[in-house]
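Structure, as structure tokens:
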Amino acid sequence: MAFNVKTSPIIQSSIGNVFSTSSNLTKTMGRLGSGLRVSSAGDDPAAFVGSSRMQDSISSMESVIRTTQENQNYMKTAEGALDEVSKLLRDARSLALNSLNQPTLTDTQRDANNDQLKSISSSITRIARNTKYGTNGILDGSTGIFALSTALLSVESMSFTGAFGGYALSTTATISFTVTTAASVASVNAGQAYGILSVVGAGSFSINGVVFNTTGSTTGQELYSMVNAASDVTGVYVTYSAGAGAQASLVATEWGSAGRIDVVDPNTILISTTNSSTVGTDGVASVCINYNASGEFATVTFNRGTGKTFKDADGNTIELTPNQAVSTTTFNPGQVRLPVGGPTRFQVGINDTTQDQVGLSLDNIQADNLGRTGGNSLSDVDLVSSENASEALTVIDKAINEVSSMRGRIGNFQKNVLDSNMRSLSVGRENMLASKSAIADTDMAAEAAKFAQEQILSEGAVAVLGNAMALSRSALSLIR
């Protein structure tokens, strides 16, 4: 082997070893310092691409989690306002009941009750207008799907939630409504009607568990008046007319399955048999709407209502007038219209697709839009007479049901959409972080052992280089 000085293979080999071990030691120290096995594409190109995509998904999930928390606060704001409206409506109902009591009330007391009702109506409208999230209205109709009835003689009321047959309503559309099962009211033919002064005889009978007693002097008029006076308790009233061959009938006060008639009459005083039982039929309808601007249609069966109120699984409701509810026919009850600015959509996914957004329509709860019955709303009724108080009670009860239904939709949205989505996103984020960690993070134990190894090799390479350089200097002794 030649003893070269100008180009020393030993020195060059030692320098290469020093560079290699120093580079490896620097990488190991970087991994230990950052905790990352893959910090750049040069470390592991495939792993870097996978890790980057996972980080994009993780960041998107974290953003949607924050958005979902904001949506929950939005719902809590609406729920808080509706809770106060519910309290006001309960107070309004108490006033209406009090105003029905004719014997003890003076005109001054009725006026006082009426003033309170008007104040309650104004407060509800104020709450609806002032309930906002930031600067966006919530309960003033600016966020909800508006159902406009164009068949006033056929439709009592309509409301839509924004969801229809698994789709989000995203365009103004005409509703096609087909009654497939007509609604009915339970009734029992009581046979030939008693004359007004006819004596019915002594005995007893019961209607829906309420017992009635007659004496040997009870007349037909007294019998029927007795039954009708208890209709609020039994849910049944009697219709009859005087004259030869006139018939009497027992009729439920509620439509559909909510109205039942169970009569036990062992003495056949009221009906011609000893007992009779019947129940009304709930209406069922097929409803078709084009749910988007592309003209795509969805057809949904409305079979969850009672009587003449037709309702679907999404809470959309169409209540018909009695005349329309009893016929199987197809007609257009009106339109669903979007609020200004489009429908309210809540982001629950990490992409911009219909599956990543859900809608919830919050109705306009201003007093002039609550409890609409027979053309009257909460803002129209008064308590200046017992007759008006009776009408007001009907409107107030419907308003209470509307607000309760809206609170139920909000609760369902919070529990089954927002809370569920939060849990799902949190689990997805945790699993994505675990997968990213497996790809990109440093195994600290293995890297620490490698660091010790590379440190020894680096020190050894430097020592060998020093010895190689000393060997080259020994060439000077040959020319002294």
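All of the numbers you see were taken from the coordinates with simple rules; none came from a lab. These numbers come from a predicted model, not from an experiment. Glycine gets a Cβ as well: all are built from the backbone with ideal geometry, and neighbour counts include every protein chain shown.
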- request: Take every Cα pair under 8 Å in segment 187-279 that's 6+ residues apart, average their separations, divide by the length, and report that relative contact order as a whole percent.
  value: 34
- request: Return the long-range amide H neighbours of Ala190 (sequence gap of 5 or more, or a different chain), with a cut-off of under 5 Å between placed amide H atoms.
  value: Ala248, Ser249, Leu250
- prompt: Under 23 Å Cα-Cα from Lys308, which lysines qualify once same-chain neighbours fewer than 8 residues away are excluded?
  reply: Lys398
query: What percent does the relative contact order of segment 223-334 come to when contacts are Cα pairs within less than 8 Å and at least six residues apart?
result: 15
field: Net charge of neighbours whose Cβ lies under 12 Å from the Cβ of Thr306, counting Lys and Arg as +1 and Asp and Glu as -1
entry: +1
statement: With +1 on the Cβ of every Lys and Arg and -1 on the Cβ of every Asp and Glu, the dipole magnitude of segment 95-136 about its Cα centre, in debye rounded to the nearest 20, is 340
- line: For Phe310, other-chain or 5+-apart residues with amide H closer than 5 Å (H placed, Pro excluded) are Ile318, Glu319, Leu320
statement: For segment 370-382, Karplus-derived ³J(HN,Hα) couplings (6.51, -1.76, 1.60; θ = phi - 60°; whole Hz; x for glycine and proline) come out as 9, x, 4, 9, x, x, 9, 10, 4, 6, 9, 7, 9
statement: The set of residues whose placed amide H lies less than 5 Å from the amide H of Val155, leaving out same-chain residues fewer than 5 positions away, is Thr321
